[in-house]
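Input: a single structure, listed below in structure tokens.
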There are 2 protein chains.
Amino acid sequence: MSESLLQQARLAYQPKLPSLLQEFSSLQAIEGEPSSSFGDGVKELFPLTFGQPEVTFSQSEQEREALRVGVVLSGGQAPGGHNVISGLFDALKKNSADSLLIGFLNGPSGITDDQTVEITEEFLAPFRNQGGFDIIGSGRTKIETPKQFEASLATVQRHDLDALVVIGGDDSNTNAALLAEYFKKQGCKTTVIGVPKTIDGDLKSDEIEISFGCDTACKTFSEIIGNILRDCRSAKKYYYFVKLMGRSASHIALECALQTHPNWTFIGEEVAEKGWTLKQLTDQLVDLIVKRSSAGKDFGVVLIPEGIIEFIPEFRKMIDELNSALAENSPEEAVNKLSDPSANCFNGLPELIQKQLLLDRDPHGNVQVSKIETERLFIETVRDELKKRSDYQGKFAAQPHFCGYEGRSCLPSNFDSDYCYALGHVAALLATCRLTGYMSCVGNLTAPVEEWTISGLPITSLMHTEIRHGKPKPVIAKALTELEGRPFEYFKEQRDAWAMDDDYVCPGPIQFFGPAEITDAPLITLSLERQSKTTCSAG
Amino acid sequence: MSESLLQQARLAYQPKLPSLLQEFSSLQAIEGEPSSSFGDGVKELFPLTFGQPEVTFSQSEQEREALRVGVVLSGGQAPGGHNVISGLFDALKKNSADSLLIGFLNGPSGITDDQTVEITEEFLAPFRNQGGFDIIGSGRTKIETPKQFEASLATVQRHDLDALVVIGGDDSNTNAALLAEYFKKQGCKTTVIGVPKTIDGDLKSDEIEISFGCDTACKTFSEIIGNILRDCRSAKKYYYFVKLMGRSASHIALECALQTHPNWTFIGEEVAEKGWTLKQLTDQLVDLIVKRSSAGKDFGVVLIPEGIIEFIPEFRKMIDELNSALAENSPEEAVNKLSDPSANCFNGLPELIQKQLLLDRDPHGNVQVSKIETERLFIETVRDELKKRSDYQGKFAAQPHFCGYEGRSCLPSNFDSDYCYALGHVAALLATCRLTGYMSCVGNLTAPVEEWTISGLPITSLMHTEIRHGKPKPVIAKALTELEGRPFEYFKEQRDAWAMDDDYVCPGPIQFFGPAEITDAPLITLSLERQSKTTCSAG
């Protein structure tokens, strides 16, 4: 494997640890109050693991044993995954040199199919502080059927595992909780521990301040957006329509907006709350473009969260209808079965988008919302609408751009390197304390690393239930952008000025050397959230 | 104007200077041998400025006067433009505090229309070591007509300029040489000096080792490509087709390939030499995909230089015919007028590409080759061809990506910051020595900055003539990738291994702090070229 000089320098990076974790081998769990859940019906589904207390840790002399632990990466890549594994590995070895860590290959199917590799220091070394999930691969298989649960049980018993660590997003952590409950019910000693991963930032609660990878992804996208903004202001000839990866929630778009100050940023949650239609969103952009043009500016930058499409009511309805119709019909027939409003919505779309809706479907046959090129959709709808504006004399030239895959496997920032290394340590600690159905938690993240807090959070406390196919299913609610939250409020205060003033900011590339205020800065949204919480609890 | 912390840190960066330039105020020109030109017919077009000697500089005590200088940015953005201006400004002030620098606004039209701003320390300060051309803007106007030449003369005389510095690519430097000749002929004292700019790297000669901006752009694109490669190897589910900005030449694609080791990289110049057709290029990719699939790999990364399309003979011919036909016909009629081979070529293209060919035309009505989405074209042709391969059982899922505008206005690397600052100094030196029709030259660029050399190169020495509309026109030949050169040779030695082995490298984001071997590394192609030249001349 070849490495760049920077990769080599990063291999040598020693992640910083919270003070408490520096004395890893003498930490013991302290139980708090019993936990509840986010919504009803969860207790019934988790009779054995529901209601466990949140745990914190403190020093206490204590013999440590060698542990046998398995780890799996689940879902899309997020910078820092390798550091969760190295933190877990190093912590287990602090317990005992005889501890064993095995990796399940290519996601949860590695558990059901018992595909493993032993993770040794030598095996791990080239992956420390590096991006990607390629150390053991990842995958999107869900452990759902009774057969899959049985196979998983057989695997963890075959390996005599003390614990299984699941690194994943909301779905994967739900899966972890279900496995914890199931193993316990079967009298299996293997505990199950989750680690909050996703660049999208939608796995979040009072205790989980941010999921790992979000920091690096937002900074990488902001670098690119900052560069485009500067180019835009220099050339003065294009409108850039930049779509941002991030699933439903607009966390990434909001953070990138705060980092770079583009002229316009859609926030999906606001679109939903206001019930704005595609036509209204187009009109907002067209109004902006006309206004800027009369100020002599035929250029600008628009940020579009990939999830926006789901938040436009007419679109949501049309996609739901399409999904149902496509299950039993050819694409052509499916279109004919749409209701009038949905047919109107569909027929009003550019051909390219219509094709994407009908052809790019996921393995379940559903429309892949994330593949819809909304950046091109808005360019077309804006271009059409501008032609109708008699007050507009400007020149509209547009460039689409998509920020996505380049943000999922980059070299993790210092923040994500340190955070993930700590998350791995806490996962090891939860395993040591024989706790099951817990998520690894590290908090106080806007303070210096030494002051970060550590705890274990019962996964069920994040859950509610939804009825699917007539049965209650446990779900960790995706955290959406809070329209009452300080980050969005702050954005609202600024955005009118940004629309016209071109107060563009270049965050520049992530730095790994130099002043800590540059290398270790937390995200702006995280800082604003933490500030407002501190202020609230102080007040 | 808001700035990120990194932007603020970069504002404080003091660019390093070659040793000789550290004694700026005592340098004097030394003339070498008279120069010649790259091709015939140039002397006739430049009777007054042809044959001037290359100049170098050495110490000599000498009174310095205040100079009045104008500067203009011409063409597309390239990181470092602001540092050329700050180098020029600082050098002129070293001559005399009474020196004056004015900027022409928004490109060469700023000269003909006399749109200016005085560049003072205060005005310049926020732009030091920053990306973009927004300090005075840029533009693509060419000074061509007698009226434009007269207007330019009037402007430089009105401002009583001693010199005019033109920062631009091959066309802009040709323009600079024409202005130099014209001003001299008119008895105007204003000298004209060029500075070699373009991220594309195609303005290059024995003396011009690299144009400025190419370093930063290649590193920024390589960061993105490295991230995508790592994601690709982690998820193992996509083929990424990455188009790279860079006009005709494949310099950027070659450098990015050497930096990151993708599975496949087209080099336009090789395509032209071999006379490969679109079908053959598609077959090459399909062969690779089939071979990788039988090795269990349904993923990979392909780099495509944006200029490749011009190098495919059938395509070149079809585009030439289209351009002629479109001049006098509607798009539909134009297609009907194509010759049989060109019609075949056109009709074989995906609809999206056909549309782009017909609709996205430049102000002269020509097809905009750079706007053709070749990354999508190849995805379509590969998908179609794969269906015909009975030996292929794999799954082909592809993602298009375009690296372009985000590389033109980024924070310049240390290399470009230092290089441009030195180029600005040399431009000031050429102005001080009353030399006209010269390009600012800084060499020995893979050595430490202190050892960089400085010189002035007669622009006419880079020229040949081409017959356009029956008349000889002076042209600076675009430097293409040399298929006999060491960089391409080295690439050829590696590429078979890269095709199958996934020896992906993540160069990571540009670093501004830390070890000099990381912050100040020159491009790999530049190092290989310099090494082979040193070896040759030593041998």
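The values are calculated or read from the model by the stated rules, or taken from the named source; none is laboratory data. Since we're looking at a predicted model, the values are computed, not measured. Methodologically, a virtual Cβ is constructed for each residue, glycine included, from the backbone with ideal geometry; neighbour enumeration extends over all protein chains shown. Ligands, DNA and RNA are excluded from the accessible area calculation, which covers all protein heavy atoms including side chains. Shrake-Rupley method; radii C 1.70, N 1.55, O 1.52, S 1.80 Å.
Placing a label point 7 Å from the Cα of A:THR277 along the Cα-to-Cβ line, the residues of the range A:364-390 whose backbone N sits under 16 Å from it are A:381-382, A:385.
Computed from the Cβ-Cβ distance with R0 of 25 Å, the FRET efficiency linking A:LEU483 to A:ASP40 stands at 0.50. Solvent-accessible surface of chain A, averaged per residue with a 1.4 angstrom probe and all protein chains in place: 37 square angstrom. For A:TYR182, the solvent-accessible surface computed with a 1.4 Å probe is close to 50 Å², ligands and nucleic acids excluded. Ordering A:HIS261, A:PHE311, A:SER248 by Cα displacement along the dipole of the range A:195-318 toward the positive end leaves A:HIS261 in first place; charges were set at the Cβ atoms of Lys, Arg (+1) and Asp, Glu (-1). Taking the DSSP beta bridges with both ends in the protein assembly as shown, the antiparallel portion is around 40 percent.
Remark on B:TYR239: its backbone amide H falls under 5 Å from those of B:GLY300, B:ALA397, B:ALA398, B:GLN399, a criterion applied only to residues 5 or more positions apart or on other chains, H modelled at 1.01 Å from N. Take every pair of alpha-carbon atoms less than 8 Å apart whose residues are at least six positions apart; their mean separation over the length of the range A:20-115 yields a relative contact order of 28 percent.
In the structure shown, the pairs A:LYS237/A:LYS533; A:LYS237/B:LYS274; A:LYS147/A:LYS478 are assessed against 31 Å; a Cα-Cα span above that value is assigned to A:LYS237/A:LYS533; A:LYS237/B:LYS274. Dipole check for the range B:48-140: with +1 at the C-beta of Lys and Arg, -1 at the C-beta of Asp and Glu, and the Cα centre as origin, the magnitude is about 260 Debye. For B:LYS93, the lysines whose Cα falls under 29 Å of its own Cα, not counting residues fewer than eight places away in the same chain, are B:LYS16, B:LYS184, B:LYS189, B:LYS197. Each Cα pair under 8 Å and six or more residues apart adds its sequence gap; the mean of these over the residue count of chain B is a relative contact order of 23 percent. Positive end of the charge dipole of the range B:231-350 (Lys, Arg +1 and Asp, Glu -1 on Cβ, about the Cα centre): tell me which of B:VAL271, B:LEU285, B:LEU322 has its Cα farthest that way. Farthest towards the positive pole: B:LEU285. For the set A:LYS279/A:LYS317; B:LYS279/B:LYS395; A:LYS219/B:LYS219, the pairs lying more than 19 angstrom apart at their alpha carbons are B:LYS279/B:LYS395. Taking the charge dipole of the protein assembly as shown about its Cα centre, with +1 at Lys and Arg Cβ atoms and -1 at Asp and Glu Cβ atoms, the residue from A:THR49, B:GLY300, A:GLN368 reaching farthest to the positive side is A:GLN368. Ranked from largest to smallest solvent-accessible area, with a 1.4 Å probe on the protein heavy atoms, A:TYR419, B:TYR13 come out as B:TYR13, A:TYR419. Split the accessible area of the protein assembly as shown by element, probe 1.4 Å, and carbon with sulfur accounts for 49%.
In straight-distance terms, cross-link reach from B:LYS471 covers every one of the lysines whose alpha-carbon lies under 17 Å from its own, apart from those fewer than eight places away in the same chain; here that gives B:LYS43. Converting phi to 3J(HN,Hα) with the Karplus coefficients 6.51, -1.76 and 1.60 and the offset θ = phi - 60°, the range A:134-144 yields 6, 4, 10, x, 9, x, 10, 4, 9, 8, 10 Hz in sequence order, with x at every glycine or proline. Accessible area buried by the pairing of B and A, both sides summed with a 1.4 Å probe, works out to roughly 5000 Å². What separates the Cα centres of the range A:484-528 and the range A:34-99 is a distance of 33 Å. Ranked from shortest, the separations from the 7 Å Cα-to-Cβ label point of B:LYS189 to its equivalents in the other copies are 9.4 nm. Over 27 Å apart at the Cα level, from the set A:LYS142/A:LYS355; A:LYS297/A:LYS388; A:LYS337/A:LYS387, are A:LYS142/A:LYS355; A:LYS337/A:LYS387. For B:LYS94, the aspartates and glutamates whose Cα comes closer than 18 Å to its Cα, not counting residues fewer than 8 places off in the same chain, are B:GLU23, B:GLU61, B:GLU63, B:GLU65, B:GLU118, B:GLU121, B:GLU122, B:ASP162, B:ASP418. In a DSSP loop and with at most 15 other Cβ atoms within 10 Å, the GluC sites (Glu not before Pro) in the range A:77-154 are A:GLU144. Between the range B:390-458 and the range A:224-256, the C-alpha centres lie 25 angstrom from each other. The phi-based Karplus calculation (6.51 cos²θ - 1.76 cosθ + 1.60; θ = phi - 60°) puts the 3J(HN,Hα) values of the range A:93-99 at 6, 5, 4, 6, 4, 8, 4 Hz, whole numbers, x for Gly and Pro. Take each residue of peptide B:130-139, count the partner chain Cβ atoms within 10 Å of its Cβ, and average: the result is 5. What residues have an amide H closer than 5 Å to that of A:THR116, excluding those fewer than 5 places away on the same chain, when H is modeled at 1.01 Å from N in the peptide plane? Amide H neighbours of A:THR116, under 5 Å, 5+ apart: A:LEU105.
Among the DSSP beta bridges whose two residues both lie in chain B, what percent are antiparallel, rounded to the nearest 5? Rounded to the nearest five, the antiparallel share is 45 percent. Computed with every protein chain present, the accessible area of A:ASP171 is close to 80 Å² [probe 1.4 Å].
Taken one residue at a time, the phi angles of the range A:256-269 give Karplus couplings (6.51, -1.76, 1.60, θ = phi - 60°) of 5, 5, 5, 6, 10, 6, x, 6, 8, 9, 7, 10, x, 5 Hz. Gly and Pro are set to x.
Taking trypsin sites (Lys or Arg not before Pro) in DSSP loop conformation with at most 12 other Cβ atoms inside 10 Å as exposed sites, chain A has its longest uninterrupted site-free stretch at A:1-387. For the protein assembly as shown, a simple Cβ point-charge model (Lys and Arg +1, Asp and Glu -1, everything else neutral) yields a dipole of about 1260 debye relative to the Cα centre. Here the range B:215-294 is treated with +1 on each Lys and Arg Cβ and -1 on each Asp and Glu Cβ, and its dipole about the Cα centre works out to around 420 debye. Sorted largest first by accessible area at a 1.4 angstrom probe radius, with every protein chain in place, the residues A:LEU45, A:LEU357 fall in the order A:LEU45, A:LEU357.
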